[in-house]
Amino acid sequence: MVWGFVTCGPNEVLVISGCCHSKPLLVPGGRTFVWPFVQQVQELPLKTMTLQVESPKVYTNQGVPISVTGIAQVKIQGQNEEMLLNACEQFLGKPSIREIERVALETLEGHQRAIMGSMTVEEIYKDRKKFSKNVYEVASADLMNMGITVISYTLRDIRDDNGYLQALGMARTAEVKRDARIGEAEAQRDSTIKEAIAEEERMAAQYSNDTEIAKAKRDFELKKAAYDLEVNTKKAEAELAYALQVAKTKQRIVEEQMQIKVVERQQEISIQEQEIQRKQKELDAIIRRPAEAEKYRLEKIAEAHRNRVILEAEAESEAIRIKGDAAAFSLEAKGKAEAEKLARKAEAYKLYKEAAVTEMLLEALPKISAEIAAPLTQAKKINMISTGGEIGAARLTTEILETVLRMPQLVSTITGVDISKSVGRSA
């Protein structure tokens, strides 16, 4: 006798009966305390049982014997107390679980035979799901009253010993082959039609694609031509602009060069003008001013000489007059003869006066010429500027001769005596 704390696995249930319980106490997969002598504990398995349901040579609704094999999964339901109590009433005290399997198998086999007898071979063969459903529903109702639940039922095999299923399969096979040939022919026809349609669509698509490609190529060529034209235009404009810029630059360079040449020419002209001014100043300093100074000196000399001559003549005249007066006073006694002599002598002096002046001037001309030429003898370098005619030493000689030839005119201007006429009269 088992007493004290008793445990069981998750696939078992403890059934305690006896004192303190009006009905059995069910403890699925747990533990409980059992009082000795007054309580009894028993175990009921809850594991799933797989049953192979064989129904050999069962006549169907048409009287055709066939054999059927089904597979069922059954177990005692441990979550439903009522079903557990029913199972306890049915199976507690049995020697082993085999008894539970046997009872469930016999029940399933009987319902399977009953369903086979209510259906034709064709229905069982063609609609296995319906056959399995019918067996499951009918068997579940009975087994539930015994506390057993049918988890699943499936039809595994159908066979017969008379060749009925084979003949049925051959007819069906022939039908299927016929349908297969028809289907194949139709499929080939449809395939050919579809291939033709597909080929037509392919060709149409290809032609359309080629057309689109041609259009795209045409558009590309047109756009490319337009772009090339634009690019070439811009390139030509750039080249022309470059050439124009080069020409402008060259023109500007030429203008700058011309401006430089103009500036250089202006500088040369300025230098030449400065050189001319320098030469003029040099001429003034070397020749003109000395000549003017010499001319002024000679004029002053001539004027002084003229004044000296005039003063000497006047003084001599005055002296003669005074002497004459003195002589007149001293000779006043000599008489009128002396007076007449003195008068003629005075007339002779008068005549002598012009001749004397002429002679004196002629004597002075070489000296004047020497004085004019004297500065030239001291010159180390002479720059001659000529606007035409003779140049060099001949020109210098000519200048000196012209200066000497102007002397009678100068003497005539200063003294009023025309040397040329006087010389001519003396000749």
| task | Filter the stretch 158-180 down to the residues that are open to solvent by less than 60 Å² (accessible area, probe 1.4 Å) and touching a Ser or Thr at 6+ places or on another chain (Cβ under 9 Å), then identify the one that is nearest to Ile115 (Cα to Cα). | result | Ile158
| query | Which one of Ala216, Ala185 is more than 20 Å from Met49 (Cα to Cα), at pLDDT below 85, within 60 Å of the chain's Cα centre (by Cα) and not acidic (Asp, Glu)? | reply | Ala216
| Looking at (1) assigned by the TED database to the domain that holds Glu99; (2) out of contact with any Ser or Thr (no Cβ under 8 Å at 6 or more places or on another chain); (3) not hydroxyl-bearing (Ser, Thr, Tyr), can you tell me which one Asp142 breaks? | (2)
| request: Could you list all residues from the stretch 234-279 that are open to solvent by less than 100 Å² (accessible area, probe 1.4 Å) and under 27 Å from the mean Cα position of the chain (by Cα)? | output: Ala236, Glu237, Ala238, Ala241, Ala243, Leu244, Gln245, Val246
| task | Residue by residue through the stretch 99-118, note down the ones that are in contact with a Ser or Thr (Cβ under 7 Å, 6 or more places away or on another chain) and open to solvent by less than 10 Å² (accessible area, probe 1.4 Å). | result | Gln112, Met116
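From the list Tyr153, Tyr136, which one is closer than 22 Å to Pro56 by Cα, in a helix (DSSP H, G or I) and at pLDDT 85 or above?
Of the residues listed, the single one that is closer than 22 Å to Pro56 by Cα, in a helix (DSSP H, G or I) and at pLDDT 85 or above is Tyr136.
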| task | Take Thr120 and decide whether it is of a type in the set (S, T, N, Q) and in contact with a helix residue (DSSP H, G or I) (Cβ under 7 Å, 6 or more places away or on another chain). | result | no
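Condition (residue is open to solvent by less than 70 Å² (accessible area, probe 1.4 Å) and of a type in the set (Phe, Trp, Tyr)) applied to the stretch 134-144: is it met by at least one residue?
no
The values are calculated or read from the model by the stated rules, or taken from the named source; none is laboratory data. Keep in mind that what you see is a predicted model, and the values were worked out from it rather than measured. Because the Cβ atoms are built from the backbone with ideal geometry, glycine has one as well, and the counts that use them run over all protein chains shown. SASA here: full protein model, heavy atoms, side chains in, ligands and nucleic acids out. Shrake-Rupley method; radii C 1.70, N 1.55, O 1.52, S 1.80 Å.
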